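A short reminder: the numbers here are calculations on the coordinates, not readings from a lab. What you see is a predicted model, and the numbers here were worked out from it, not measured in a lab. Glycine gets a Cβ as well: all are built from the backbone with ideal geometry, and neighbour counts include every protein chain shown.
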């Protein structure tokens with residue numbers, strides 16, 4: 001049970017360290033390699049991914065890895081600004097520009113001078129603002145007013161969206177010219193359900209962070225509950241996981257987690273790591289339990305889809321490449337005539 005201090009600090013957003021942000025998944029490792037290569041270049045970066053996958057965290061990583069890291073990092077949430085005010089918010093205005101403009105005001109682009117301007121959910125910009133942004137965007141940067149030493153300043157622009165902008169531009173919902181201007185490198189962040197190998201590390205990290213923040217003494221989440229969490233679809237991704245672990249730390253019981261992600265169905269075998277094996281850490285036991293449960297799910301889906309791997313990947317809502325990686329890791333190589341699984345060097349009876 002968590003023990004609380006009387007005065008808890010504010011619930012400020014948590015900034016993920018690099019090791020937690022990228023984790024152990026192959027997809028995130030490839031993204032990190034690409035980001036390191038382009039961090040100091042002028043190549044425009046577009047980050048796509050579902051809400052809560054860490055797009056802002058990745059943008060901050062690029063900022064700090066680059067020469068622009070010495071300048072400010074300014075975020076503009078496009079949907080949060082009324083359409084009539086977006087232009088003023090981005091580019092500022094002069095005194096008397098409209099009835100209540102009693103003094104000149106700098107826009108976010110100027111405030112980000114020599115640094116990074118992060119345009120979150122750029123797909124929400126209306127067409128007029130998209131056109132204006134297109135006019136002032138050059139090589140992934142915005143030209144802004146002169147700095148104190150008289151030199152012309154520049155702002156690096158990184159954009160993010162939860163939509164597929166290529167499809168949106170093809171359907172006329174986003175300016176094609178602007179899409180090509182901001183998409184020198186397009187990175188798709190995988191949803192949490194496609195990087196379950198990082199689930200235990202994320203849970204452990206958030207438990208530690210919020211235990212310290214709320215002055216609690218929360219016990220680690222059990223391996224069986226983490227395995228049960230691996231079955232959840234996580235529509236809110238890492239943000240949803242963070243909020244769930246936060247509530248667990250505050251309340252101090254795993255019922256908070258299980259009530260949201262669901263209990264095991266009647267008759268469904270529980271997934272438990274064997275604590276009798278000496279020398280195994282909680283991290284290792286949790287990892288084994290998660291891999292076992294994931295392998296069971298994949299095996300059942302393969303059977304339901306007549307062992308068609310492409311249909312199975314679509315059914316599981318993961319990429320075909322990700323499915324092949326998981327099959328290789330589980331050792332599933334095919335099926336026998338009776339429909340049972342064939343494994344490399346071992347049997348999969350415990351998965352059935």
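What to note about this one:
- A Förster distance of 41 Å, applied to the separation of the beta-carbon atoms of residue 40 and residue 259, puts the FRET efficiency at 0.30.
- Residues 50, 138, arranged from fewest to most other Cβ atoms within 10 angstrom of their Cβ, appear as 138, 50.
- Peptides 183-189, 127-133 ordered by average Cβ neighbours within 10 Å, highest first: 183-189, 127-133
- Take each peptide in 38-47, 226-235, count the other Cβ atoms within 10 Å of every residue, and average; sorted highest first, the result is 226-235, 38-47.
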